[in-house]
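Comments concern the structure below.
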Amino acid sequence: MPKTPNLQSDDYYEILGCERNADEAQLKKAYRKLAVKWHPDKNPDNDEATTKFQKISEAYATLSDKQKRQIYDQYGAEAANQMGEGGMPGGGFGFPGGGGGGGGVHHMSPDEAQAFFSTMFGESDPFGGMFGGSMGGGMGGPGMSFRSSMGRGGPANFSSSFGSAGGGMDPISMMLGGMGGMGPGMSMGSMGPSMGPGMSMGSMGPGMSMGGMGPGMSMSGMGPGMRSSMGSSAPPAKRFDAIPNGTVVSLKGLVNASDRNGDRGVVKQYIPSTGRYVVELEDSDSTMSVKPSNLLQHVHVRIHNVESKPEFNGKTGTIITWCPSKERYNVYIIALKKVVSLKPNNVVLETGTVAQVTGLASKPELNGKWGTIKEWIRESGRYEVQLSPQQIIRVKMENMRV
């Protein structure tokens, strides 16, 4: 069972919640999880979070350097932190604007901790993806998964580059999931644009390929281990007011389990009878039943019409938090590896995102309802939002919140 991180400790292993014999992958996994949880841009106006973020970064910066780790294990933090990068004498962590100085332990400054964080993940998105295999497929980098938002008329206008894990599977994956397992060596081949009713795979055995299947083919006579569940039962009715399964979220505003605030997970299921979501916590098999108000979705966005910083426009980012006092999102711009504060009307939510109606003066009865964004209409700056199978509305960008 994994150790619980102890951010009150001065021991670097205890801080990260790792055993002293932890390997490099375990240390990095622990650092990423804690650094994302306590990142200052995810916890604005929270000095405690900033201090913890520095402490976590300092611990990992030392333990991730083999020579510094060896010295730390033998002589402690003061000796390790007198070494430069790669174990060379010189002190500090190798970033400009460092804190500390003089004798004793050199503690990371906020700037050093931020600089260290930004170097750790390359081109991957530390806020929008997951470490480890428990959270689904590997989209966007090792162990990372992203929700796909497939609109009713096809792929989202800018989300295709983020893979298709979670919210809506691609047709091939749906077919494979329903077939109950294909025999060894079998391949889908080129199936054609779509498989319609009445199609079959013929009498297929192990090692056989479907080749180029056309309309009118049937799935009769399938070999052992190949069964089709297609058409055997009607799929559940689509909900437009529920966050899709597979969406990456953080917990917030929990009272009875306040230590979980900031922890990440993925939505596994929506329970209509209770109005709650089952969330599987990151790097864990445990789940929590959570109200929608206790979830923050880390969805992808396109930055739009920022007049003061036109170089941001068109860039893709991930929402990492909502700042109520400023009524702005903090958005991590993936290409620039930086966090910016943006108004809702500068943030285009991707097609398929489920968001909540808020601040609607013309129809206040709709405030608080959830709906699926079908389309963003550039000319009017409004979303077309489907609240139910029968109800579609158009609202301004600032009237939808995740």
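The values are calculated or read from the model by the stated rules, or taken from the named source; none is laboratory data. The shown structure was predicted, so the numbers you read here are calculated from the model rather than taken from an experiment. Ideal geometry is used to build each Cβ from the backbone, glycine not excepted, and the neighbour counts take in all protein chains shown. Only protein heavy atoms, including side chains, enter the accessible area calculation; ligands, DNA and RNA are left aside. Shrake-Rupley method; radii C 1.70, N 1.55, O 1.52, S 1.80 Å.
For the pair Ser380 and Asn305, how long in nm is the line joining their label points, each one 7 Å along Cα→Cβ? According to this spin-label approximation, the distance is 1.4 nm. Residue pairs exceeding 32 angstrom between C-alpha atoms, taken from Lys343/Lys374; Lys268/Lys315; Lys315/Lys396; Lys52/Lys363: Lys52/Lys363. Determine the relative contact order of segment 296-402: mean sequence separation of Cα pairs under 8 Å and six or more apart, normalised by residue count, in whole percent. Rounded, it is 20 percent for segment 296-402. For Arg394 and Ser362, the difference between the fully extended length at 0.36 nm per residue and the C-alpha to C-alpha distance is 10.4 nm.
Starting from the Cα gyration tensor of segment 247-296, take the square roots of the eigenvalues, sort them a ≥ b ≥ c, and report rounded, prolate or oblate (rounded when a/c is under 1.5, otherwise prolate if a/b is larger than b/c, else oblate).
Note, shape of segment 247-296 comes out oblate.
Of the whole protein surface, Arg394 contributes about 140 Å² of accessible area at a 1.4 Å probe radius. Comparing Cα centroids, segment 267-311 and segment 337-402 end up 15 angstrom apart.
With the Cα gyration tensor of segment 351-401 giving a ≥ b ≥ c as the square roots of its eigenvalues, does the rule (a/c under 1.5 for rounded; else a/b larger than b/c for prolate; else oblate) give rounded, prolate or oblate? Cα axes put segment 351-401 in the oblate bin. Can you work out D for segment 255-402 in µm² s⁻¹ from Stokes-Einstein, where Rh is the Kirkwood radius over C-alpha pairs, the temperature is 10 °C and the viscosity is 1.306 mPa s? In µm²/s, the coefficient rounds to 96. Ordered by 1.4 Å accessible area with all protein chains kept, Val255, Val301 run largest first as Val255, Val301. Taking amide H positions as modeled 1.01 Å from N, with prolines and chain starts lacking one, the residues under 5 Å from Lys338 and 5 or more places away or on another chain are Ile333.
Distance between the pseudo-spin-label points of Asp111 and Asp11 (7 Å out from Cα toward the beta carbon): 3.4 nm.
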